[in-house]
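Single-structure report; data block below.
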Amino acid sequence: MKVKTLSRSSDVYLPARNCEVSRLPRNLDPELHPFERAREYTRALNATKLERVFAAPFVGQLGNGHIDGVYCIAKHTRRLNSAASGSGDGVIKYWDLSSREEVESFTAHRGIVKGLAVTLDGNLLSCGMDNTVKLWDVMNTDHSGGPSKTFLGSSGFTGIDHHRSNPVFVTSSNAVQLWDENRSKPTADLSWGADNVNTVKFNQTEQSIVASTGSDRSIVIHDIRSKAPVQKLVTLMRTNAVCWNPIEAFNFAAANEDHNVYLYDMRNLTRSLNVYKDHVSAVMDVDFSPTGQELVTGSYDKTLRIYRVNEGHSRDIYHTKRMQRIFCVRFTMDTKYIMSGSDEGNVRLWRADAASRSNVKSARERSKLEYDAALKERYKNMPEIRRISRHRHLPKPIKTASETKRIELASIKRKEDNMRRRSKKGTMPYAKEREKQIIGVAIREAENKG
Amino acid sequence: MVTVNKSDAKRPDVVAKKKLENALRQVEVAENVDNSDSEDSFLGVPDDDVDERSDGEDDVDLDIVDESRVLASGDGEDDSDDKDEPDDDETPSFSGVSDTEGSTHLTTATFSDIESDSVPSDLEEEEDDAMKSLQKAIEKASQKPAEDVITIRKRRKLGLPTHFAPTVDDSEDVMPAKKKVTLDDIRAHTSSSFGTRSLARLDELEKRSKGKSEVVKSRLGRRLEVRVDRAAAYEIAKEEVGKWEDTVKRNREAEHLEFPLQRSDGAATADITGALDLGDELDGEKLVHGLEGREFSLAEVAARRNELRRMRELMFREEMKAKRVKRIKSKTYRKIHKRERERAQEIAAQLEGESGDENNEGSYERLVKRARERMELRHKNTSDWARDVKRMNLHKSKGTRDELEQMLRRGEDLVRKIEGDDNEISGDDLPSINDDEEATDEASGIMAMKFMREAEERLRKRNKESIDELRRMEDGLDGETEQEDTDSAVKIINEGRRRYAPGAQKSKEAAEESVEQSNQEDDAPVPLERKMASIAVKDAGPASTISKKLMSKKGEPRNDGPKSSKTSNPWMLDVEPGSVAKGASVLSLSKESTRFAKTEAKLKRSLKKAKKAVQAVGDGEAEVRIDINQILQVRDVHGDPDAGPNFVNVEDSHVMMVHKGGRRAKPAEFQQRELVKRAFAGDDVVREFNEEKQRTVEDEGDKEVDVTLPGWGSWTGKGVRKPQKKFIQKIEGINPKNRQDAKLKNVIINEKAVKKSAKYTAGAVPFPYETREQYERSLRMPIGKQWSTQTTVQRLTKPKVIVKPGVVVEPLSAPFAT
């Protein structure tokens, strides 16, 4: 008679290699794991709470900052740990992000440094209100001899951006000019209007397209192939900055003076694709995450907000007690951090995801975090989880300002509704939120076709 | 630069007239004036066009051109100048250039101006045009450049720069001109005087002042032109950007995005993928030249390469397998494989010899043989299990033994079956009406199969039905047994198979008789009307049954008449009208009259006929046999309308017997209801519900709770006050009048808000979901590893955006297509 015995091969539970974690046999019998929904809900709730507990967005400031306000930041496009900032007193500082130390500092311009851009070989282009664009060889630390090249302009420069793959750059002053690094004069004039141009930005994907914003409340799209402006959009208020989506060639975000950021499709500027609200003062700068999924804005209300591209309200808001009005924000090229330059002269480094940590994680920890993220995503609409995940402590001025703004907007809406009610039907149509800010475009679709 | 009004433009001419010696210089000034003038006009228009800057250097360049121009005009060839002007007007607009006047001077001047600003290659066309005009001028000059030397000398004397050698910054574009015009060339011709030159110059200036108005006119056109240009450029830019559409769409729809999306040396990869996938889109197919000079597209090459790779891989695998098999030493394995091989060979042979009949037959026989063998062997003692049983002496236990025996018995059965199958030569399989039972008993071989049995069953059922029908008819139609006979005869005539039924011989004879009769009938003149009726009936589908019913009903009162009685049955038509059939019916009547009253019978007969007509016209099956009229009539006949439906008395049952066709259901229904009523006799649901509602209302309404503590205050002693009797707490509930179900009769609505569940309920259906069900479905399946397998968990928890840590995430560099 054969006697059956329990036998278990050690292969089942022992890891094949030393580095592997030993397998735990699990029993998936649903009887043994009741209340799955309730348990997962609780886990989601706890994960949400922990996220808030661990949220520590501020990493630190870079070095000791500038003496004057920081008005422009440039990130190195091919190195993760390098960035430069320019301040109001004409000083440019080059930073090592990993140590958060200053690599070098030099006075570049008389007066304010208005724009910085990184060239193909990693050098720095700066422009200022002293009618000059200067090329700095940042690899060479000795700047006593001045810049390696100077480009003279006819008026003060307000912005600069470099082409992604060619040695050309565009500047904005009273005109939008295209320059070649190897020539001393601009090679083309791309401007549309005679008005002052505030900023200029190259499209990083469709590389010959440039967007500029003018003080005549316009956004102009230029094409450096035809060396001409191609489309002009005029909005209700001035646009302070633009940024192209790095993975969607035709979309760009425009930070407007009216507290909002608008997402446009350059092919159809008669309406915006999305409106990012929540700021309580003019938005000074906007930058896309390199993944194109998020954008960060810096505002005159001294806060910095992060938006998901397909949502209308911010997912997070960063502020500190000492941070003044923000004039420039940038995502780092690895999407993990955000730099902000503000009026009081500090360059601050933030985590793009407040609760995340960048240390190396074990597989188990990583899978736990992923599980938590999935749970949070799944139960994000549950009232309690929603409340906790959305809760932010705000500085009092911003809190009150947002309250006031809310009340004001409500009152405007109410008044409009009243007027609408008392006027003839159809005479006061509702203005679409995404088209409200648009006054007009220069080249309309009908004109184009005809 | 000096800005001078338009009116001042002529002043230098006067100066030129006054002193010819200084003419050159003056003209030079005039040039500058003109230039500035043009710029003035340009600035005068508050347009959004491109500004033109002119720095100090420009003057230097201008001078060169001026010289040449002056030289050109020196020979006084006005015509040639005239020719030049329109040329320059036509030159495509380049921002600043086209703004200026159409003259050669200015075009060239601005050209050089721009040249000094180092214009990139894009402007080359415009430059070319300008170059041509310049060269032309210089060539002209080189033909008769006599005075040039003088001017140069003079200028040297005056200490003015000659400006012939361009500065190093000035591009090589000017150089060809320099090559053509050498000092030696100029020296060769020295004839014309200053006077003619200056005059020519004056003429030209006049001409230019005239031309100005034209330019101003065309400026309006230019604005429009620019606008159109921009629109076109915008269109192109949109198109270019639109190429990303697919990429963007895919990225948006992607379940997961892993960054960096492209390799870090993005441009290179993108180029490759672009060449592979977008090749045909971009610039036709990128082609690769084969050895034979044939051109393959890249895609073709890739496909071929893949195919080859696959083949190689398969061959390698096969080889490995062969090696492995070769190494096996097991005899059993070899044996099995030998058999397999043989079988394969057989099949191969079979396939080969498929064309030859002999082989085919042989293989078929072999197969049959083998199948038989298998069937015989299966239930013998030879199976593994049986052998094991024997070997291990397990057949001593009763269960095993029984099983073994059962198996053997089954084997025997099967063998018998096979033999029986062989013995039995398939005769006529279709069972006739009467021998169906025998047939089932005898079933074997194919007939034993399930589907055959089912078919048989169906057939038998149908037969039975038809028999029932006939019997019922027999019962109903008092004396029409005879007719049934004739009917059967008719059927026999039509369906030859019936002859196999028992008593077929007899019926056959009868049939022959009836055939004769029918022949007689045919011979006999049939009334036209009747024929028509029969045709109509044949044509009409089942839809016309109702009308026929009506017809038959109408025909009832005069059913004794021959015309009305023959109604619509084609069978009847053939049989009835003749003398034989009618006689039969009469006969049957007399027979049946013993059972029922004759009057009743008469009525029923007419009814039956109508019914039959309906049947015949319909599918012929027992289809619809319920006729309300019939029932009513029957009731009338029996005269017991007051008998309630619940009571089934003898008479009723009798009637039911008679009219089996349609009326069986109704009393049964009543019976059922009665039964149900009896079964639930004690239940009063309505009352119970009302009580429950009352209870709920009370429960949820205001309540008074006695919270008196027993013993509290029941002190004794001197001066003790009398204790308060009761502490009653009132708990407010829901006012019965305000209840939601206060006015609803059969509903209880729960008024309690479930606080606990509110915490777990989303306020509204959240955004991407459209219905509550969708949202709930999304929450249903748990994610955790307690509830699903590792892979599922990984799949469910994989984040949407994954960024490789420590890597520069570069923007996309080219639309990708994979």
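The values are calculated or read from the model by the stated rules, or taken from the named source; none is laboratory data. Since the structure is predicted, the reported quantities are computational estimates derived from the model, not experimental observations. Backbone-built Cβ (ideal geometry, glycine too); neighbour counts: all protein chains shown. Ligands, DNA and RNA are excluded from the accessible area calculation, which covers all protein heavy atoms including side chains. Shrake-Rupley method; radii C 1.70, N 1.55, O 1.52, S 1.80 Å.
Taking the criterion of being within 30 Å of A:LYS376 (Cα to Cα), open to solvent by less than 40 Å² (accessible area, probe 1.4 Å) and not basic (Lys, Arg), would at least one residue in region A:60-76 satisfy it? Lay out the reasoning, then the answer.
First, pick out the residues of region A:60-76 that are within 30 Å of A:LYS376 (Cα to Cα): A:60.
Narrowing the set further to residues that are open to solvent by less than 40 Å² (accessible area, probe 1.4 Å) leaves A:60.
If we keep only those that are not basic (Lys, Arg) as well, we get A:60.
Looking through region A:60-76, at least one residue is within 30 Å of A:LYS376 (Cα to Cα), open to solvent by less than 40 Å² (accessible area, probe 1.4 Å) and not basic (Lys, Arg).
Give the residues of region A:345-356 that are within 22 Å of A:ALA56 (Cβ to Cβ), touching a residue at least 60 places away in the same chain (Cβ under 8 Å) and in a loop (DSSP other than H, G, I, E, B), sorted by residue number.
Let us first name the residues in region A:345-356 that are within 22 Å of A:ALA56 (Cβ to Cβ), namely A:346-356.
Cutting the leftovers down to touching a residue at least 60 places away in the same chain (Cβ under 8 Å) gives us A:346-352, A:354-355.
Listed by number, the residues that qualify are A:ASN346, A:ALA352, A:ALA354, A:ALA355.
Select from region A:236-277 the residues that are surrounded by 24 or more Cβ atoms within 10 Å (Cβ to Cβ) and β-branched (Val, Ile, Thr) and list them in ascending order.
A:THR239, A:VAL242, A:ILE247, A:VAL261
Exactly one condition in (1) open to solvent by 60 Å² or more (accessible area, probe 1.4 Å); (2) under 28 Å from A:ILE221 (Cα atoms); (3) in a loop (DSSP other than H, G, I, E, B) is not met by A:THR150; state its number.
So A:THR150 meets the others, but not (3).
I need every pair where a residue in region B:780-801 that is without any contact (Cβ under 8 Å) to a residue 60 or more places away in the chain and more than 7 Å from chain A (Cβ to nearest Cβ) has its Cβ under 6 Å from the Cβ of a residue that is of a type outside the set (Gly, Ala, Ser) and open to solvent by 80 Å² or more (accessible area, probe 1.4 Å), sequence separation at least 6 or different chains.
Short answer, once both residue conditions are applied: B:VAL793/B:LYS785.
Confirm whether A:SER144 is out of contact with any strand residue (DSSP E or B) (no Cβ under 7 Å at 6 or more places or on another chain) and touching a residue at least 40 places away in the same chain (Cβ under 8 Å). Show your work before the answer.
Details: out of contact with any strand residue (DSSP E or B) (no Cβ under 7 Å at 6 or more places or on another chain): yes; touching a residue at least 40 places away in the same chain (Cβ under 8 Å): no.
Judged against the criteria, A:SER144 is not a match.
Any chance region A:198-205 includes a residue that's in a strand (DSSP E or B), at pLDDT 95 or above and touching a Cys at 6+ places or on another chain (Cβ under 8 Å)?
Looking for residues that are in a strand (DSSP E or B), at pLDDT 95 or above and touching a Cys at 6+ places or on another chain (Cβ under 8 Å), one finds at least one in region A:198-205, hence yes.
Please tell me if A:GLY292 is assigned to a strand (DSSP E or B) and open to solvent by less than 10 Å² (accessible area, probe 1.4 Å).
Answer is no for this residue.
Of all residues being open to solvent by less than 50 Å² (accessible area, probe 1.4 Å) and touching a residue at least 40 places away in the same chain (Cβ under 8 Å) in region B:228-250, which is nearest to the chain's Cα centre (by Cα)? Just the residue, please.
The selected residue is B:THR247.
Can you name the condition, by its number, that A:HIS76 falls short on among (1) within 14 Å of chain B (Cβ to nearest Cβ); (2) at pLDDT 95 or above; (3) touching a Ser or Thr at 6+ places or on another chain (Cβ under 6 Å)?
(2)
Return the total of residues in region A:220-235 being open to solvent by 10 Å² or more (accessible area, probe 1.4 Å), facing chain B (nearest Cβ under 7 Å) and touching a residue at least 40 places away in the same chain (Cβ under 8 Å).
Counting residues in region A:220-235 that are open to solvent by 10 Å² or more (accessible area, probe 1.4 Å), facing chain B (nearest Cβ under 7 Å) and touching a residue at least 40 places away in the same chain (Cβ under 8 Å) gives 1.
Take region A:207-218 and flag every residue that is surrounded by fewer than 24 Cβ atoms within 10 Å (Cβ to Cβ), more than 20 Å from A:ASP180 (Cβ to Cβ) and either of a type in the set (A, V, I, L, M, F, W, C) or in contact (Cβ under 8 Å) with a residue 40 or more places away in the chain (or both).
Hit for region A:207-218 is A:ARG217, nothing else.
Can you tell which of A:SER362, A:SER411, A:SER367 is closer than 30 Å to A:ALA44 by Cβ and away from every other protein chain (no Cβ under 11 Å)?
On inspection, the qualifying residue turns out to be A:SER362.
From A:VAL197, A:VAL275, A:VAL261, A:VAL280, which residue is closer than 25 Å to A:ALA431 by Cβ, more than 11 Å from chain B (Cβ to nearest Cβ), touching a Gly at 6+ places or on another chain (Cβ under 9 Å) and among the aliphatic types (A, V, I, L, M)?
It is A:VAL275.
A:THR187 is checked against (1) of a type in the set (Ser, Thr, Tyr); (2) facing chain B (nearest Cβ under 10 Å); (3) more than 29 Å from A:GLY292 (Cβ to Cβ); (4) part of a loop (DSSP other than H, G, I, E, B) and fails just one. What number does that condition carry?
So the condition that A:THR187 fails would be (4).
Looking at (1) part of a loop (DSSP other than H, G, I, E, B); (2) over 21 Å from the mean Cα position of the chain (by Cα); (3) more than 18 Å from B:TRP244 (Cβ to Cβ), which is the only condition A:LYS232 fails?
Going through (1) part of a loop (DSSP other than H, G, I, E, B); (2) over 21 Å from the mean Cα position of the chain (by Cα); (3) more than 18 Å from B:TRP244 (Cβ to Cβ) one by one, A:LYS232 breaks only (1).
Considering every residue within region A:172-182, establish whether at least one is within 12 Å of chain B (Cβ to nearest Cβ) and among the aromatic types (Phe, Trp, Tyr).
Yes, region A:172-182 has at least one match.
Being facing chain A (nearest Cβ under 10 Å) and of a type in the set (Asp, Glu) is true for just one of B:GLU770, B:GLU810. Which residue is that? Explain how you work it out, then say what you get.
Values: B:GLU770 fails: facing chain A (nearest Cβ under 10 Å).
Answer to the check: B:GLU810.
Considering region B:738-767 alone, what residues qualify as being under 45 Å from the mean Cα position of the chain (by Cα), of a type in the set (Gly, Ala, Ser) and more than 14 Å from every other protein chain (Cβ to nearest Cβ)?
Of everything in region B:738-767, just one residue is under 45 Å from the mean Cα position of the chain (by Cα), of a type in the set (Gly, Ala, Ser) and more than 14 Å from every other protein chain (Cβ to nearest Cβ), namely B:ALA753.
Identify all residues within region B:716-757 that are surrounded by 10 or more Cβ atoms within 10 Å (Cβ to Cβ) and farther than 29 Å from B:PHE689 by Cβ; write none if there are none.
B:VAL720, B:PRO723, B:PHE727, B:ILE728, B:GLN729
Pull out all pairs, ordered by first then second residue, where Cβ-Cβ is under 8 Å, the residues are six or more apart or on different chains, the first lies in region B:705-726 and is assigned to a loop (DSSP other than H, G, I, E, B) and of a type in the set (Gly, Ala, Ser), and the second is loosely packed, with under 10 Cβ neighbours inside 10 Å and at pLDDT below 80.
B:GLY713/B:GLN724
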